[in-house]
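Everything on this sheet refers to the single structure shown next.
The values are calculated or read from the model by the stated rules, or taken from the named source; none is laboratory data. What you see is a predicted model, and the numbers here were worked out from it, not measured in a lab. Neighbour counts are summed over all protein chains in view; Cβ atoms, including those assigned to glycine, are modelled from backbone coordinates with ideal geometry. The accessibility values were calculated without ligands, DNA or RNA, using every heavy atom of the protein model including side chains. Shrake-Rupley method; radii C 1.70, N 1.55, O 1.52, S 1.80 Å.
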Amino acid sequence: MTAPDPRMRWWGWGEDGHDAPLSAGARALLAERIGPLPADRREPVALDDVRLPAPALPAAARERLVAALGAEHVREDRLARVTHAAGRGYHDLVRLRAGALEAAPDAVLYPGGAEQVATVLRACAEEGVAVVPFGGGTSVVGGVEPWRGAFPAVVALDLARLDRLLAVDPVSLVATVQPGMTGPALEEALAARGLTLGHFPQSFEYATVGGWVATRSAGQASTGYGRIEDLVLALRLATPSGEIATRAVPASAAGPRLRELLVGSEGTLGVIVEATLRVRPRPSVRRYEAFSLPSYAAGLDAFRALVQEGAAPDVARLSDPVETQVSFALAGGPALATRALAGYLRARGHGEGCLAIAGWAGTEEAAVRRRRAASARVLRGHGALALGTPIGRAWEHGRFHAPYLRDELLANGAMVETLETATTWDRLLALHDAVAAALDGALRGRGTPPVVMSHVSHVYRAGASLYFTFVARQQQGAELEQWHAAKTAASEAILAAGGTITHHHAVGRDHAPWLPGEIGELGLSLLRAAKATLDPAGVMNPGKLLDPAPSPGAGP
Ligand SMILES: Cc1cc2nc3c(=O)[nH]c(=O)nc-3n(C[C@H](O)[C@H](O)[C@H](O)COP(=O)(O)OP(=O)(O)OC[C@H]3O[C@@H](n4cnc5c(N)ncnc54)[C@H](O)[C@@H]3O)c2cc1C
């Protein structure tokens, strides 16, 4: 098997042909909220016009890597380097579309198995070549940035060829999987055995199992199914110092959980070469439904009650008033129906209301119906109105579409970015308001007033996560500085308001400056000690998690 072709178009999300042009309604809404967008489209440069540093893999290192993998699996061509030069955050897309990359991997490696990964790591540690483990490349926090650090060269280690379901134990309900399997490939293989993992991040189509585990990912149904760390039973990590394998046991009191140190290690300690995951019977019944809550505060109370009373759906999302208005405005459909719904909600005191989406899945119709009834009872107790299944189904249908819309917004001169956090219930509303105000202040101060919207994306007994989306006119010529100002303001507001710097996007490079504020200097030293043991040369993903690489837009 030769090195696989890139899965995604090099400058954006997914493959060509999925974009829908911005509707007239969306343009009008944006003009009203953030000011008019430029009339002319901003298309990406041609691949040949992308500026790249000359490849600099030392000859001795290349020789060892070719001997280990075969020449066809050590690629130094333009397409391979560009498609591994950035993740898929807003700043990545800005730089890719402009063809202005400060860095690119000097080579892209495609190992064919765990032993080859181990050989590559040993060779790179000995030759002083930095290694960036690469799954789907969907990081939005600079996690796959090809930063050389102190080394003369950096390689991307693409795990696409490690893409098999290795074993299924239907008795214990566990599956052992290679790290390069994407969401659809994994779900298809499990479906053939009547099983599911149930992990559906919005990046599902392209992100990989290894990437999920390395970033402590959360999926859209994680309220019900659990986050990826709840689904990992065991894993194997190849490191420059050798391999660590945790034991596949359901629970253990054998000291601190090593697995927890490796899950979320973001390629800085080694490469996840195998994961054993908890799976469950594939649901045959799914129901997605919308509700309206009379206010955001009532909605938060209702969502807390859902989870604390054991009635939470698998998917639980509560939009704030701004996101609710934007969702209804963009929903399309017959204008008459939209106006009728708005009138109905106003007449019942929900004019400033909030949209909630709830989803339940299971193997039996009656059980799903019972769970739905329990959730609806709690929601009604907090003043909710049931809006039925059409809006819920529309959400399900469009739940992987937002990244395509993002490409289209960039082409129209808009900045669009997301960030996420979590805190306990008592501080959630204050955190929401602080982050929204920080983003608004930072962008308004640059003359680009934003629309800032948010939803509760996952609920826990002790608290919930908040997922923010903000859209503003691009500050042309200073797009990265504009992004950096917004990111900095939001991150500082998050830590000051008692939130975590990231609920599921991970730390990468972009959140690393705030990690000391979250875990303290002693906590950082502990992580550094683990890294010194597993990666003494420091070649594994430099500039991420610890000691961040320079951030785009930060200035000299
Ligand atoms: C449009 C969009 C929507 C998103 N939605 C969600 C969401 O709903 N939930 C969510 O959690 N995240 C989301 N993300 C973020 C991203 O998809 C996740 O972080 C995902 O887990 C990354 O998987 P990946 O395979 O693309 O990893 P990559 O981006 O390739 O890598 C991410 C990090 O993990 C490391 N890594 C990758 N594979 C391995 C491995 N085998 N061993 C060791 N380290 C490895 C990399 O070095 C890097 O530090 C979204 C991103 C985008 C662009």
* Structure fact -> Being under 24 Å from F400 (Cβ atoms) and surrounded by 20 or more Cβ atoms within 10 Å (Cβ to Cβ) narrows V117, V94 down to just V94
* L258: within 16 Å of the ligand (Cβ to nearest atom) and under 30 Å from W425 (Cβ atoms), yes or no? -> no
* So is V140 open to solvent by 30 Å² or more (accessible area, probe 1.4 Å), over 23 Å from L233 (Cα atoms) and within 13 Å of the ligand (Cβ to nearest atom) or not? -> yes
* Qualifying residues in region 436-466 (those that are closer than 23 Å to E32 by Cβ and of a type in the set (V, I, T)) - the one farthest from the chain's Cα centre (by Cα) -> T448
* **Qualifying residues in region 57-77 (those that are part of a helix (DSSP H, G or I) and either at pLDDT below 95 or open to solvent by less than 60 Å² (accessible area, probe 1.4 Å) (or both)) - the one nearest to Y110 (Cα to Cα)** => H73
* Asked: Here is a list of conditions, (1) over 26 Å from Q475 (Cβ atoms); (2) in a loop (DSSP other than H, G, I, E, B); (3) more than 27 Å from the chain's Cα centre (by Cα), and P111 meets all of them except one; can you say which number that is?
  -> (3)
* When you scan region 171-216, how many residues do you find that are among the hydrophobic types (A, V, I, L, M, F, W, C), within 14 Å of the ligand (Cβ to nearest atom) and in a loop (DSSP other than H, G, I, E, B)? -> 5
* Structure fact -> Exactly one of K544, K531 is within 16 Å of the ligand (Cβ to nearest atom), at pLDDT 95 or above and over 23 Å from the mean Cα position of the chain (by Cα), and that one is K531
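To keep it simple, each residue is scored yes or no on (1) hydrophobic (A, V, I, L, M, F, W, C); (2) open to solvent by 50 Å² or more (accessible area, probe 1.4 Å).
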{"site": "L429", "(1), (2)": "yes, yes"}
{"site": "A436", "(1), (2)": "yes, no"}
{"site": "L439", "(1), (2)": "yes, no"}
{"site": "A442", "(1), (2)": "yes, no"}
{"site": "L480", "(1), (2)": "yes, no"}
{"site": "I494", "(1), (2)": "yes, no"}
{"site": "V507", "(1), (2)": "yes, no"}
{"site": "H511", "(1), (2)": "no, no"}
* Looking at (1) at pLDDT 95 or above; (2) part of a loop (DSSP other than H, G, I, E, B), find the lone condition where V168 falls short. => (2)
* Asked: Do the conditions hold for L157, that is, is it assigned to a helix (DSSP H, G or I) and not polar (S, T, N, Q)?
  -> no
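Condition check ((1) among the aromatic types (F, W, Y); (2) open to solvent by less than 60 Å² (accessible area, probe 1.4 Å); (3) closer than 20 Å to Y404 by Cα; (4) modelled with pLDDT of 95 or more) across all residues:
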position: D5; (1), (2), (3), (4): no, no, no, no
position: M8; (1), (2), (3), (4): no, yes, yes, no
position: E15; (1), (2), (3), (4): no, no, yes, no
position: H18; (1), (2), (3), (4): no, no, yes, no
position: A24; (1), (2), (3), (4): no, no, yes, no
position: L29; (1), (2), (3), (4): no, yes, yes, no
position: L37; (1), (2), (3), (4): no, yes, yes, no
position: D40; (1), (2), (3), (4): no, no, yes, no
position: P44; (1), (2), (3), (4): no, yes, yes, yes
